[in-house]
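K.L.:
Structure provided below as structure tokens; questions to follow.
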Amino acid sequence: MRHRVLRVGEVESTNRYAVDRFEELPHGLAVVADRQTRGRGRLERSWSSSVAGNLYASLVLKLEPERQARLPPGFPNLTQYMAVVLARVARGLGAEVTIKWPNDLLAGGRKVAGILAEAVSAPGRVRGAVVGAGVNLAMREEDLAAIDQPAASLNLVLGRAVERDAFLEAVLDEFFTGYPAFLESGFPSIRPEFLALTPMLGRQISVNSVRSRIAGTACDVTAEGSLVVLTPQGRVTLTLGDVQ
Ligand code: BTN
């Protein structure tokens, strides 16, 4: 399968680039940078983006006009779909990656990829989304040490080089093969695979969300992709947060 890829060299952020030009860019385009000067992460963090050879890519996903006022079932879970896609491709290369809810990819408990989706809206409707993925493919140990959280890189996990463009092509093949069906069926269609990739269930966790910190046992991921935590005060269902 051939895909439309726009190589932008160095930019502030591929998500920013695609959101700013959303109307003029075609559906399905992947915007790929060699480096980002202000890579964006979840929860208003930054994403370390100075190493060329890593993947910094954002997909332009437009909705048909008739779906813009009533969103398709899979739309709210695009980041989790992308996490499963990245896990399939990384596992296909031999890396034993897992998913940390909601959508981080870990190798040996360290973060190897992150995903950030941004909806693009117009008055009364959602035009679509930009889904960005940052995957560490070409880091050295000293690059990882400079990141403010435990991080991994697929080249080091596998003990061999991982070529960025081949990795991207595999991601785009996997993503777009299942995308129309995922949009229509939503998170339940990937839930069994997501659960199998998520080893945190049954474990004691704490979750920092925007306003609070919750501690308890991770016990389920719902049909909507939310995390259920059993706390001394009862069951709490979370739609976003940072699991420790
Ligand atoms: C996270 O915090 O885990 C999400 C990180 C997402 C990083 C990617 S790199 C490509 C795209 N452009 C950005 O600015 N962010 C995403």
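K.L.:
Can you list the residues of the range 30-53 with backbone N under 15 Å from a point 7 Å past the Cα of ARG21, pointing along Cα to Cβ?
P.N.:
30-35
K.L.:
Given a cut-off of under 8 Å on Cα pairs at least six residues apart, what relative contact order in percent is computed for the range 204-243? Provide the component values of the computation, followed by the final result.
P.N.:
Values: 69 pairs, mean separation 14.5, N = 40.
This gives 36 percent for the range 204-243.
K.L.:
Over the Cα atoms of the chain, Rg to Rh with Kirkwood Rh, two decimal places? Write out the running numbers ahead of the final one.
P.N.:
On the way: Rg = 17.4 Å, Rh = 18.4 Å.
Reported Rg/Rh, Kirkwood definition of Rh: 0.95.
K.L.:
Between THR217 and SER46, what's the calculated FRET efficiency when r is the beta-carbon distance and R0 is 30 Å? Round to 0.05. Present the calculation step by step, with values, prior to reporting the outcome.
P.N.:
Details: r = 31 Å, r/R0 = 1.05.
Using R0 = 30 Å, I get an efficiency of 0.45.
K.L.:
Go through the range 102-114 residue by residue and turn each phi into a ³J(HN,Hα) via Karplus (6.51, -1.76, 1.60, θ = phi - 60°); whole Hz please, and just put x for glycine and proline.
P.N.:
x, 7, 8, 9, 10, 10, x, x, 10, 6, 10, 8, x
K.L.:
Can you list the HN-Hα couplings for the range 79-86, worked out from phi with the Karplus curve (6.51, -1.76, 1.60; θ = phi - 60°), rounded to whole Hz and with x for Gly and Pro?
P.N.:
For the range 79-86, the Karplus-derived couplings read 5, 6, 4, 4, 4, 5, 4, 4 Hz, x marking Gly and Pro.
K.L.:
How big is the antiparallel share of DSSP beta bridges in the chain, given as a percent to the nearest 5? Mind showing how you got there, number by number?
P.N.:
Values: 46 of 53 bridges.
Just about 85 percent of them are antiparallel.
K.L.:
Per residue of the chain, what 222 nm ellipticity follows from adding -39500 (n - 2.57) for every DSSP H run with n ≥ 4, rounded to the nearest 500?
P.N.:
Working: 6 runs with 60 residues, N = 244.
It comes out at -7000 deg cm²/dmol, rounded to the nearest 500.
K.L.:
Accessible area per residue for the chain in Å², computed with a 1.4 Å probe and the full protein assembly in place, what is it?
P.N.:
Numbers: 11540 Å² over 244 residues.
Solvent-accessible surface per residue comes out at 47 Å².
K.L.:
If you take the beta carbon distance between VAL236 and ARG91 as r and set R0 to 35 Å, what does 1/(1 + (r/R0)^6) give as a FRET efficiency, to the nearest 0.05?
P.N.:
On the way: r = 31 Å, r/R0 = 0.88.
So the FRET efficiency works out to roughly 0.70.
K.L.:
Still on this structure, I have one more. On the accessible surface of the chain, probed at 1.4 Å, how many percent belong to carbon and sulfur atoms?
P.N.:
49
K.L.:
Which ³J(HN,Hα) values, rounded to whole Hz and listed in residue order, are derived for the range 33-39 from phi using the Karplus coefficients 6.51, -1.76 and 1.60 in 6.51 cos²θ - 1.76 cosθ + 1.60 with θ = phi - 60°, glycine and proline given as x?
P.N.:
10, 7, 8, 10, 8, 9, x
K.L.:
Gap in Å between the Cα centre of the range 30-95 and the Cα centre of the range 169-192?
P.N.:
13
The values are calculated or read from the model by the stated rules, or taken from the named source; none is laboratory data. Small disclaimer: the values here were computed from a predicted structure and weren't measured. All Cβ positions, glycine included, derive from the backbone under ideal geometry; neighbour counts span all protein chains shown. When the accessible area is computed, the model is the full protein with side chains, heavy atoms only, and any ligands, DNA or RNA have been set aside. Shrake-Rupley method; radii C 1.70, N 1.55, O 1.52, S 1.80 Å.
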